[in-house]
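What follows draws every value from the coordinates through simple rules; no lab data is involved. Bear in mind the structure is a predicted one, so any value in this text is a computation, not a measurement. Every residue, glycine among them, receives a Cβ derived from its backbone with ideal geometry; neighbour counts consider all protein chains shown.
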Amino acid sequence: MIELIIGGARSGKSSYALSLAEARDANLHFIATAEPEDDEMTARIERHQRQRGSRWNLVEEPRYLSRITEDFSETDVLVVDCLTLWLSNWLCSDLPEQWPEEKQNFQHGLRQSPAHWLLVSNEVGMGVTPTNRLSRQFIDESGWLHQELAQIASRVTTVMYGIPQILKS
């Protein structure tokens, strides 16, 4: 099963995904795409790890999510947090031209996986179009990614102010 959970910054989307996962009798895995590139991000990551507790297995994978889709079974629930950081990691990498292939491979792996996937991502397309080329590319790519994942997801939820709203079920 694939669930896409989208919301703005500090909307409650990650907490919602964690609560869905913890309500299940399953092996819990947190797939982190963030990279600790500065002190603030390092502190943020450490705070989130403490909040999750020892029930969670941590997998740090900032780029190649497609490589882990075969590693889990029907007894596993995975929270991937977050897809927009994953996209940023690709667009700012030395090999951004490999993004379309990685995105396609990840979606293929998701469709084949027997695990329960909770995909957390930021809604970034509701604002103005930026003047910066990379920012426009990021908004375009995240919008296309979200549309594609929403098509293959069994459930799509948007979270605003800590309140989940089911868009597709």
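Starting from segment 40-56, keep only residues that are more than 16 Å from SER15 (Cα to Cα), then list their pairs with residues that are surrounded by 11 or more Cβ atoms within 10 Å (Cβ to Cβ) whose Cβ atoms are within a distance under 7 Å, requiring at least 6 positions of separation or different chains.
MET41/ALA34; THR42/PRO36
Run GLY162 past the list (1) loosely packed, with under 13 Cβ neighbours inside 10 Å; (2) at negative phi and report the number of the one that doesn't hold.
(2)
In segment 1-48, how many residues are of a type in the set (Val, Ile, Thr), more than 17 Å from TYR161 (Cα to Cα) and in contact with a strand residue (DSSP E or B) (Cβ under 8 Å, 6 or more places away or on another chain)? Talk me through it step by step, then tell me what you get.
Start the filter on segment 1-48 by keeping residues that are of a type in the set (Val, Ile, Thr), which leaves 2, 5-6, 31, 33, 42, 45.
Retained after the next criterion (residues that are more than 17 Å from TYR161 (Cα to Cα)): 2, 31, 33, 42, 45.
Remaining after also requiring in contact with a strand residue (DSSP E or B) (Cβ under 8 Å, 6 or more places away or on another chain): 2, 31, 33, 45.
Residues meeting the conditions: 4.
Condition (residue is surrounded by fewer than 20 Cβ atoms within 10 Å (Cβ to Cβ), under 16 Å from GLY7 (Cβ atoms), in contact (Cβ under 8 Å) with a residue 60 or more places away in the chain and not aromatic (Phe, Trp, Tyr)) applied to segment 135-150: is it met by at least one residue?
Yes, that holds for at least one residue.
Which of the residues that make up segment 28-37 are under 18 Å from the mean Cα position of the chain (by Cα) and either at positive phi or of a type outside the set (Phe, Trp, Tyr) (or both)? If you could, list the steps in order and put the result at the bottom.
Of all residues in segment 28-37, those under 18 Å from the mean Cα position of the chain (by Cα) come to 28-36.
Matches in segment 28-37: LEU28, HIS29, ILE31, ALA32, THR33, ALA34, GLU35, PRO36.
Kindly indicate whether TRP86 is among the aromatic types (Phe, Trp, Tyr), in contact (Cβ under 8 Å) with a residue 40 or more places away in the chain and in contact with a strand residue (DSSP E or B) (Cβ under 6 Å, 6 or more places away or on another chain).
On the way: among the aromatic types (Phe, Trp, Tyr): yes; in contact (Cβ under 8 Å) with a residue 40 or more places away in the chain: yes; in contact with a strand residue (DSSP E or B) (Cβ under 6 Å, 6 or more places away or on another chain): no.
It is false that TRP86 is among the aromatic types (Phe, Trp, Tyr), in contact (Cβ under 8 Å) with a residue 40 or more places away in the chain and in contact with a strand residue (DSSP E or B) (Cβ under 6 Å, 6 or more places away or on another chain).
Identify, from the list ILE68, ILE166, the residue that is among the hydrophobic types (A, V, I, L, M, F, W, C), out of contact with any Pro (no Cβ under 7 Å at 6 or more places or on another chain) and under 15 Å from ILE6 (Cβ atoms).
ILE166
Quick check on segment 107-121. Is at least one of its residues part of a loop (DSSP other than H, G, I, E, B), on the phi < 0 side of the Ramachandran plot and out of contact with any Asp or Glu (no Cβ under 6 Å at 6 or more places or on another chain)?
yes
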